[in-house]
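The values are calculated or read from the model by the stated rules, or taken from the named source; none is laboratory data. Source: prediction; values computed, not measured. Glycine gets a Cβ as well: all are built from the backbone with ideal geometry, and neighbour counts include every protein chain shown.
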Amino acid sequence: MVKKKEMLLLFFVSIFLYTYEIPSATTNCKQLFTFLALTESFAPSWTSGTNLSFWIGEDVGGECYWSHLIQIAISDGKAFSRDISVTPYPDWDSFRNGLRHFQRELPEELVEESGVWHCSTASFTVKPPPPDSVLLSLLRKAVHKGNERWWNQNHGLEGILQPIFEGIKIELIHYYEAGLYVGYQLSKVYYFSDSKYILIFTHQPMLASGLDTMHGFLLFKIRR
């Protein structure tokens, strides 16, 4: 039965695949993320023992025109990700409906009130990190020199300001490497109470040197 479901999931994903060459240099590219589903996984070849996958759609417009399907697979508490080029601006609702056959759970979406994100079913709150003038100054210099795309590679976790959680212990297990996480805002917060994960989409008001957006997302594991 698992093998049959695995083949069905792979077939479903494959119908959205599209070979599309991403421009090596772009300007004024605007990102839009769409959370699709958290599903069971069946140990794809590029990892082992996987039991969960987060699926996220990314559309990039402006002077760009391409879309990605992002899979974040969880195996032994670690996250592995891959991007799949799909037909630009697909019908993500249809994709989400197809993934419902493999869905693990529906998340609770937190709401923002006076800068604090919360929901009635969660005993915790989350808010953006306080400003860090030193890191923000370094980031601005990197953007000015056109080096912002190497920020995460050069600084690692020290270059990421994590949101402030109250009432819960968490661990950052994955972040979108094209996003920048200094001086950002929270745009969406999803809470997976059964699986014990929190997925946060971020809005970066600062633009890259080519006027591209630098939004992203952070995936946390709840540690109680």
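General remarks:
- The set of residues in the stretch 81-117 being surrounded by fewer than 16 Cβ atoms within 10 Å (Cβ to Cβ), over 16 Å from the mean Cα position of the chain (by Cα) and among the β-branched types (Val, Ile, Thr) consists of Thr87, Val111, Val116.
- Where Val134 falls short, out of the listed (1) without any contact (Cβ under 8 Å) to a residue 60 or more places away in the chain; (2) on the phi > 0 side of the Ramachandran plot: (2)
- Qualifying residue in the stretch 75-86 (condition: of a type in the set (Val, Ile, Thr), touching a strand residue (DSSP E or B) at 6+ places or on another chain (Cβ under 7 Å) and in contact (Cβ under 8 Å) with a residue 24 or more places away in the chain): yes
- Residues within the stretch 187-213 that are under 12 Å from the mean Cα position of the chain (by Cα) and farther than 24 Å from Leu52 by Cα, tallied: 1
- Elements of the type strands (runs of 3 or more DSSP E) sitting completely within the stretch 156-224 and holding at least 3 residues that are surrounded by fewer than 22 Cβ atoms within 10 Å (Cβ to Cβ) and among the polar types (S, T, N, Q): there are none.
- Elements of type strands (runs of 3 or more DSSP E) in the stretch 45-153, at least 1 residues being among the hydroxyl-bearing types (Ser, Thr, Tyr): 52-62, 66-75, 78-86, 125-127
- The lone exception for Ile70 - which of (1) at pLDDT 55 or above; (2) out of contact with any Gly (no Cβ under 8 Å at 6 or more places or on another chain) it fails: (2)
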